[in-house]
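Report on the structure given below.
The values are calculated or read from the model by the stated rules, or taken from the named source; none is laboratory data. Predicted model only: the values in this text are computed from it and were never measured. Cβ coordinates were reconstructed from backbone atoms using ideal geometry, including for glycine residues, and neighbour counts include every protein chain displayed. Just so you know, the surface numbers come from the protein's heavy atoms only, side chains and all, with ligands and any DNA or RNA stripped out. Shrake-Rupley method; radii C 1.70, N 1.55, O 1.52, S 1.80 Å.
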Amino acid sequence: MRLALFDLDNTLLAGDSDHAWGDYLCQRGILDVDAYKARNDEFYQDYLAGTLDVTAYLNFSLEILGRTEMAQLDQWHREFMRDCIEPMILAKGEALLAEHRAAGDRILIITATNRFVTAPIAARLGVETLLATECEMADGRYTGRTTDVACFREGKVTRLNRWLAENDVSLDGACFYSDSLNDLPLLELVAQPCAVDPDPKLRAEAERRGWPVISLR
């Protein structure tokens, strides 16, 4: 069984779920618009530029989870899925997932965005296996801190290699779809890298290396 690996944000989604979650909280008046949105936008620009300090970003973005009851978080996320994520889901992305299912491939979403935000999205897309940045929990609720290796840049390779070993799965013949130069370490690792609506730096890199470039938009 071949592995089909997918990035999530700006690959299977027409937008960034992590950034959208922050915007949603601001729009609802849950977070201070001026202070949070400005910092969130700064981090997102760092991400696009390939200069993100992932630890600083996680400490910033997960703080709201640590001070909110689980029932409230679940309610917010249901509304977030309905209002923000559903409009981002790409029909061509769902069709590509269906192609890989029909081919008998094992599908895995691997994303830097945290599991709280992305687990319901992966479920909505019908993907059972998700590797994401992990949110620490204690006594049945979030602490507001991250745990484990962040699933970002080289961390994606670390987390994937561990998963492969734990599940006795081979990377032979695997493909990986991503939009971001941040995913270059994993794109270099697989047999079939594919740039999806790539950022300018990844587009240039893909063209230089002769990798396929596709659009799901």
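List the aspartates and glutamates whose Cα sits under 13 Å from the Cα of Lys201, skipping any in the same chain fewer than 8 residues away.
List returned: Asp179, Asp183.
Given an 8 Å cut-off on Cα distances and at least 6 residues of separation, report the relative contact order of region 90-164 as a percent.
25
Probe of 1.4 angstrom, ligands and nucleic acids ignored: what's the accessible area per residue over region 89-130, in square angstrom?
Heavy-atom SASA per residue in region 89-130 reads 40 Å².
Using the alpha-carbon centroid of each, what span in Å lies between region 153-181 and region 38-54?
Using only Cα atoms, the two centres lie 24 Å from each other.
If amide hydrogens are placed 1.01 Å from N in the peptide plane, which non-local residues have theirs closer than 5 Å to the one on Arg141?
Here nothing satisfies the definition.
Given H placed on each backbone N at 1.01 Å, which residues far from Leu3 in sequence or on other chains put an amide H within less than 5 Å of it?
Arg106, Ala174, Cys175
How large is the dipole of the chain about the Cα centre if only Lys and Arg carry +1 and Asp and Glu carry -1, each at its Cβ, rounded to the nearest 20 debye?
340
Using a 1.4 Å probe and counting only protein heavy atoms, arrange Glu166, Glu94, Glu79 so the residue with the most accessible area comes first.
Highest to lowest solvent-accessible surface, that is Glu166, Glu94, Glu79.
Would you look at the GNM of the chain, springs on alpha carbons closer than 10 Å, and say which of Thr146, Thr51, Thr118 moves the most?
Fluctuation is largest for Thr51.
Could you check how much of the accessible area of region 121-217 is carbon and sulfur, as a whole percent, using a 1.4 Å probe?
47
Quick one: Karplus J couplings for region 139-151, per residue in order, coefficients 6.51, -1.76, 1.60, θ = phi - 60°, nearest Hz, x for Gly and Pro?
Rounded to whole hertz, the list is 6, x, 8, 6, 8, x, 10, 8, 9, 6, 6, 4, 7.
Local charge sum around Thr143 (other residues, Cβ-Cβ under 15 Å, Lys/Arg +1, Asp/Glu -1)?
With Lys, Arg at +1 and Asp, Glu at -1, the neighbours total -2.
Which cross-chain or sequence-distant (5 or more) residues have an amide H under 5 Å from the amide H of Ala150, H modelled 1.01 Å from N in plane?
Under 5 Å from the amide H of Ala150 lies no amide H from a residue far enough along the sequence or on another chain.
Ignoring ligands, DNA and RNA, what accessible area per residue does region 142-207 give at 1.4 Å, in Å²?
43
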